[in-house]
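Read the structure below first, then the notes.
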Amino acid sequence: MSQVTSTFGKTGLHVHTNPKDHEAVLAFLCRFANRRTLLRAIQGICAFVVTLTMLSTLVVFADGMRWLSDPVRWSISCSVYF
């Protein structure tokens, strides 16, 4: 339980809190920052996988419609495997 005291001086209202409250808030903010960083990394990885899947689907569709010439098909196949 926190204890909050306030005083009113010449410069205005001053609120004094328990120093342990600041430590608890700081710890919560650090955990939140770590979770946010982890979620951003997972979001980036998922975006990469979805983009790669969509590009592969477009190449397969273009190949199925015979829009790609043989040299282009071979170069795409080689680039994927290497």
Just name the residue that is modelled with the highest pLDDT out of those in the stretch 37-82 that are open to solvent by 100 Å² or more (accessible area, probe 1.4 Å) and among the charged types (D, E, K, R).
-> ARG40
Which residues, taken from the stretch 19-52, are among the hydrophobic types (A, V, I, L, M, F, W, C) and more than 30 Å from TYR81 (Cβ to Cβ)?
-> ALA24, VAL25, LEU26, ALA27, PHE28, LEU29, CYS30, PHE32, ALA33, LEU38, LEU39
Unmet requirement for HIS14, which otherwise passes all of (1) at pLDDT below 90; (2) in a helix (DSSP H, G or I) = (2)
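The values are calculated or read from the model by the stated rules, or taken from the named source; none is laboratory data. Just so it is clear, the model here is predicted, and its values are computed rather than measured. FYI the Cβ positions are ideal-geometry reconstructions off the backbone, even for glycines, and counts take in every protein chain you see. Surface areas here come from the heavy atoms of the whole protein model, side chains and all, with no ligands, DNA or RNA. Shrake-Rupley method; radii C 1.70, N 1.55, O 1.52, S 1.80 Å.
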